[in-house]
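A.B. asks: Quick one: this structure, given as C-alpha cells, is what I'll be asking you about.
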Amino acid sequence: LVDRTARNIAGIVDEDVDVGGVRDEPGDVLALAQVDDMGGRADLVRRRLVIDVPASTANLGAGYDCLGLALDVCNTVAVEAVDGDGGVELAGTGGGEGELPPVRSNRFVAGLEDALEASIGPRPASIGWRIVMHNRIPLSRGMGSSSAASVGGVFAGHLLGGRRLTERQQLQLATALA
C-alpha cells in the first residue's frame, strides 16, 4: 500500500479542492517536482498538497491478513501548513463527516507529524495544519480507512519534508501508528 501510494497516486488530482477558503483549480496544487525542491522547516508555512489514498482489503480467502489488495476507492486529502497557534483545522466530507476531531491523535495528523519530524526535525510550535478530507472509504467496513489515514499522513509528511524518507522508513512509521 505504501508503495502504490508513493508511486502512483500522490500529487495533483483532477478535481477542484477547497482548502480553507482558498480555491485550488486542477493543476494549481503542489506538484511532486515542486515538493522535491523544498527545504527544511523554514519554508514549511503555506506548503500545500493534495493526495489520494486507496482503500484496501486483506480478507482474501486463504491469504486472510497476509495478502492485501488496493481497491479503486480513494480518499482525497488536501493539507496545508499554516502559521499561527499550531492548531489543527480539519474539515471533511463522506465517511466520518462531523465525527473526526481536529486533534493531533487523529491518525492522519499523527502520521503527518511523525514523518515530518523524521524528515526535518520537530515541528515549530506555531506551525499548524489546515486539512480537508474527502473520505470515500467507509469507516468500519473492512476497507482499510484507518490504514489509509495512517499511510496518507505519513506520505504527506514525507512529501512536505522534501522526500527524505525511504519506503522502508515510511512503512515503519505507518505501522507504528497502529
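The values are calculated or read from the model by the stated rules, or taken from the named source; none is laboratory data. Owing to the predicted nature of the structure, the values given are computational and were not obtained by experimental measurement. Ideal geometry is used to build each Cβ from the backbone, glycine not excepted, and the neighbour counts take in all protein chains shown. To get the accessible areas, we keep the full protein, side chains included, count just its heavy atoms, and leave off ligands, DNA and RNA. Shrake-Rupley method; radii C 1.70, N 1.55, O 1.52, S 1.80 Å.
A.B. asks: At 1.4 Å probe size, with the rest of the protein present, what percent of the exposed accessible area of the range 76-173 is carbon and sulfur atoms?
C.D. replies: Working: 2020 of 4100 Å².
Of the solvent-accessible surface of the range 76-173, carbon and sulfur hold 49 percent.
A.B. asks: Something else: By accessible area of protein heavy atoms, probe 1.4 Å, what ranking do ARG104, ARG46 get, highest first?
C.D. replies: Largest to smallest exposure gives the sequence ARG46, ARG104.
A.B. asks: If packing is taken as the mean number of other Cβ atoms within 10 Å per residue, what is the order of 85-91, 96-102, highest first?
C.D. replies: Result, highest mean Cβ count within 10 Å first: 85-91, 96-102.
A.B. asks: Is the C-alpha gyration tensor of the range 40-162 telling us rounded, prolate or oblate? Criteria: a/c under 1.5 is rounded; beyond that, a/b larger than b/c is prolate, otherwise oblate. Walk me through the numbers on the way to the answer.
C.D. replies: Values: a/c = 2.49, a/b = 1.76, b/c = 1.42.
Judged from the Cα gyration tensor, the range 40-162 comes out prolate (a/c at least 1.5, a/b above b/c).
A.B. asks: Moving on. Would you pull out the residues with amide H under 5 Å of THR93's amide H, same chain only if 5 or more places away, H placed 1.01 Å from N?
C.D. replies: Amide H neighbours of THR93, under 5 Å, 5+ apart: MET133, HIS134, ASN135.
A.B. asks: Oh, and also: When ligands, DNA and RNA are left out and all protein chains stay put, how many square angstrom of accessible area per residue does the range 59-178 have with a 1.4 Å probe?
C.D. replies: Solvent-accessible surface per residue comes out at 47 Å².
A.B. asks: In debye to the nearest 20, how big a dipole does the range 45-178 give about its Cα centre with +1 on each Lys and Arg Cβ and -1 on each Asp and Glu Cβ?
C.D. replies: Details: 12 positive and 13 negative charges, 53 e Å.
Around 260 debye, computed over the range 45-178.
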